[in-house]
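To start, the structure under review is shown below, and the notes come after it.
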Amino acid sequence: MSVHLIAFELTRGLDAAFVASAAGAIGIMQVVGRLTLAPLTDRFSPRSVSVLLMLIQAAAFLALLLLPPYSGLLAYVACFGVGFGTVTPIRAALIADVFGHAGYGRISGTMGLVSNLARAGAPVAVGAAVGITGYPPILALLAALCVFSALLLTSFKPQAGRLPASNEQ
């Protein structure tokens, strides 16, 4: 959505300079999230914190969808910046928490590849979909995917500290 944020908000009648400033503030909110929420892993599991972060990101997309333009954008900036910015430093601990240390490099590398492919293709896919459906269904889908991710994190029960051997997969 970050690629489409300015175009989306301009269609809602917001001032371009305000939208650009708000988009830039996402980076500030990422730092705020890393300083305030990342330390939660000292008290809670990385999985629990990640569930919270997915729900915060879902709230960001719902804010754009449901709130009036100015307040929706400000809520999105705060929630998405904090949520997305904090996921990055927690990802390493989350992988170890969910899968253990065996095969960590393979799993982390695979996740990085898939994540980067999605980041490259998603703006094009969203652009194509917006031409057909407009932004509201896309925002609802992004919120639903964040909630789905949170549910997956809560329901996944791996064998602690053990990955299946390559020939067991």
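The values are calculated or read from the model by the stated rules, or taken from the named source; none is laboratory data. As the structure is a computational prediction, the values presented were derived from the model and not from experiment. Heads up, the Cβs are rebuilt from the backbone with ideal geometry, glycines too, and the neighbour counts pull from every protein chain shown. Note: accessible area is taken over every heavy atom of the protein model, side chains too, but ligands, DNA and RNA are not part of it. Shrake-Rupley method; radii C 1.70, N 1.55, O 1.52, S 1.80 Å.
Results, tabulated for the structure shown:
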{"read-out": "Residue list for segment 103-122, filter: exposed (fewer than 14 other Cβ atoms within 10 Å of the Cβ) and in contact (Cβ under 8 Å) with a residue 12 or more places away in the chain", "value": "Met111"}
{"read-out": "In segment 43-80, the residues that are small (Gly, Ala, Ser) and surrounded by fewer than 23 Cβ atoms within 10 Å (Cβ to Cβ)", "value": "Ser45, Ser48, Ala58, Ala59, Ala63, Ser71, Gly72, Ala75, Ala78"}
{"read-out": "Selected residue (only one of Ala75, Ala58, Ala7 is of a type outside the set (Lys, Arg), within 20 Å of Ala122 (Cα to Cα) and free of Cβ contacts under 8 Å to residues at least 40 places away in the same chain)", "value": "Ala7"}
{"read-out": "Hey, Ala140 open to solvent by less than 30 Å² (accessible area, probe 1.4 Å) and either modelled with pLDDT of 95 or more or in contact with a Cys (Cβ under 7 Å, 6 or more places away or on another chain) (or both) or not", "value": "no"}
{"read-out": "Hits in segment 30-42 - residues which are of a type outside the set (Ser, Thr, Tyr), surrounded by fewer than 21 Cβ atoms within 10 Å (Cβ to Cβ) and touching a residue at least 40 places away in the same chain (Cβ under 8 Å)", "value": "Gln30, Val31, Val32, Arg34, Leu37, Ala38"}
{"read-out": "Matching entry among Phe99, Phe80, Phe84, Phe61 (being over 15 Å from Phe44 (Cα atoms), in contact with a helix residue (DSSP H, G or I) (Cβ under 8 Å, 6 or more places away or on another chain) and at pLDDT below 85)", "value": "Phe99"}
{"read-out": "Count of residues meeting criterion [open to solvent by less than 50 Å² (accessible area, probe 1.4 Å) and among the hydroxyl-bearing types (Ser, Thr, Tyr)] in segment 1-20", "value": "0"}
